[in-house]
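In what follows, a structure is listed as structure tokens, so that the remarks can point back to it.
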Amino acid sequence: MSLIVVANPKGGVGKSTLSTNLAGWFAAQGEPVVLGDMDRQQSARTWLRLRPEAAATIGAWDVAEGEPLKLPRGTRVAVLDTPANLHGPGFDEMMRRADTMLVPITPSLFDIYATREFLTRVLTHRRGSRVRVGVVGMRVREGTIAAEQLHAFIEGLEVPVVGEIRDAQVYVHLAAHGLTVWDVATSRVERELPQWQPILEWVQQETA
């Protein structure tokens, strides 16, 4: 069993987009995968309810903030979408149980500062943890000042930057139908798929 946590204290940084598409990739490979949602908005759980029966199966993992993380039996991979402002026992439990943590960040000055504080806390707790931590740039528009600020920030991080996902409306359209980039014709997502490869390769180093 491998537990992949997607975490950032800021809302709106792409946690659900990253979580659902990551779970969708494992499902497309035929892996028994579940998706958990600790966020009060339950975006990932709503997305699962929208998912067509014909799509690759992603199980729902019932988990609540503050409760022990009881991983479902018979599942090879669990992806956990976490809430904003995760702290206290819930944060400690996550750090103890997670194998991999992906920290999404958008090219926003406010998100950058919030993420810096969060990563400092993660790295402090990681001293007694096995969790691997990687950063993923989300909704990145190349050539913009915001993207340059993001690149400058992540170059100084103590954790690897495992990939960047561009700002594309296709993610909005797919999410509205419970789908991922792995559920539709390649022609619809030909610009998106290559961006996922380094992220998936990094994650698989732990889940293989």
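So the values come out like this:
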{"read-out": "Estimated inter-spin distance, V184 and E148, nm [label 7 Å along Cα→Cβ]", "value": "3.2 nm"}
{"read-out": "Vicinal HN-Hα couplings computed from phi for segment 171-181 (Karplus, 6.51 cos²θ - 1.76 cosθ + 1.60; Hz; Gly/Pro x)", "value": "5, 5, 5, 5, 4, 5, 10, x, 10, 10, 5"}
{"read-out": "Mean separation of Cα contacts under 8 Å (6+ apart) over length of segment 11-203, as relative contact order %", "value": "24 percent"}
{"read-out": "Gaussian network model of the chain, springs between alpha carbon atoms under 10 Å - residue of E148, E117, E53 with greatest fluctuation", "value": "E53"}
{"read-out": "Local electrostatic count, P9, Cβ distance below 11 Å [Lys/Arg +1, Asp/Glu -1]", "value": "+2"}
{"read-out": "Ranked K70, K10, K15, criterion: other C-beta atoms within 10 Å, fewest first", "value": "K70, K10, K15"}
{"read-out": "Three-way shape call for segment 11-203 based on the alpha-carbon gyration tensor, with the a/c threshold at 1.5", "value": "oblate"}
{"read-out": "Ranked list, fewest to most other Cβ atoms within 10 Å of each Cβ, for L119, L80", "value": "L119, L80"}
{"read-out": "For A60, residues with placed amide H under 5 Å, excluding near neighbours", "value": "L35"}
{"read-out": "Sequence of L123, L109 once ranked by neighbouring C-beta atoms within 10 Å, starting from the fewest", "value": "L109, L123"}
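Since every read-out is calculated from the coordinates, none of them should be taken as a lab result. Keep in mind that this is a model prediction, so the values were computed, not measured. Here Cβ is always computed from backbone atoms with ideal geometry, including for glycine, and neighbour counts include all displayed protein chains.
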